[in-house]
Structures are given as structure tokens and as C-alpha cells.
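Submitted below is the structure of interest, expressed as C-alpha cells.
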Amino acid sequence: MENILRERLSIEFIPEFIDRIDNFLYFKPLTKERILIIIDEIIDNILKDYLIEKDIKNTIKNKVKQKIDINSILNSWIRKLEKNITKIIDDIVVELF
């Protein structure tokens, strides 16, 4: 596997750069189920700062999940997710109150 990676990298990068790579980390692709777990954790983390009742938090959580496109997350960086969820939560809170 490492040889395959090095071959592919050699197409894009100069050999001096590739020689500096000591290790490769292999990650399995994120599944929709795992992304939903990550989304739940991000939402809970963001909402812990809001002083609102639990049932309203659940409403917000459900609305956020409806507005998030899981397929687009599978094709993009997960890091952007927290920023996007924060914006969606802010919009929903404004709508509710």
C-alpha cells in the first residue's frame, strides 16, 4: 500500500519532498452513520452554551439535521462542519425566538 501511495505522490511532488515523508496514516472513509454521530456531538457542544430548555435544544438539533446535506459532507472536509452547524443553529435560534 505504501508503495502505491509513493508512486501516486511521485506524479504530483518532487522526489526530495516524498523522501521526507516518514509515515503514512490510513483512514477509512467516513460513513453516513459516523457523520451523524459527529454532527450530534458538534451540536451538543455548541448548544451547551445556550441557556435554553432541553426540548428546544432537541427541536434545534432536529432542524439542523434536516438542513445538513450529508452527501456534501462526504465529499468535503469535516472541519468546515462545525462552522456550518453553528451558522445553521444561529439561524434557527433567531427563527424560534
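Just so it is clear, none of the values below were taken in a lab; they were calculated from the coordinates. Because the structure is a prediction, the values reported are computed rather than measured. Cβ sites come from the backbone with ideal geometry, for glycine too, and all protein chains shown count toward neighbours.
Which pairs break 26 Å Cα to Cα here: LYS28/LYS87; LYS28/LYS57; LYS54/LYS87; LYS32/LYS83; LYS28/LYS48?
Values: LYS28/LYS87 28 Å; LYS28/LYS57 32 Å; LYS54/LYS87 20 Å; LYS32/LYS83 19 Å; LYS28/LYS48 30 Å.
Correct reply: LYS28/LYS87; LYS28/LYS57; LYS28/LYS48.
Multiply the residue separation of GLU82 and GLU12 by 0.36 nm, subtract the distance between their alpha-carbon atoms, and state the gained length in nm to one decimal.
Working: separation 70, 0.36 × 70 = 25.20 nm, distance 3.08 nm.
In short, 22.1 nm is gained.
Going by average Cβ density within 10 Å per residue, which order do the peptides 10-21, 55-66 take, highest to lowest? Before the final figure, lay out each step's value.
On the way: 10-21: 10.1, 55-66: 14.8.
Put in order of decreasing packing, that is 55-66, 10-21.
I'd like the orientation of helix 79-96 relative to the chain: the angle between its Cα long axis and the longest Cα principal axis, in ° from 0 to 90, rounded to 10.
The helix 79-96 is inclined about 10 degrees to the chain.
Could I ask something else about it? Could you work out the mean projected area of the convex hull around the alpha carbons of the chain, in square nanometres to one decimal?
Details: hull surface 34.1 nm².
For the chain, averaging the hull's shadow over all directions gives 8.5 nm².
Once both axes come from the Cα atoms, what is the angle between helix 2-12 and the longest principal axis of the chain, in degrees from 0 to 90, rounded to 10?
Tilt of helix 2-12: around 90 degrees.
Once both axes come from the Cα atoms, what is the angle between helix 32-47 and the longest principal axis of the chain, in degrees from 0 to 90, rounded to 10?
For 32-47 against the chain, the angle is about 50 degrees.
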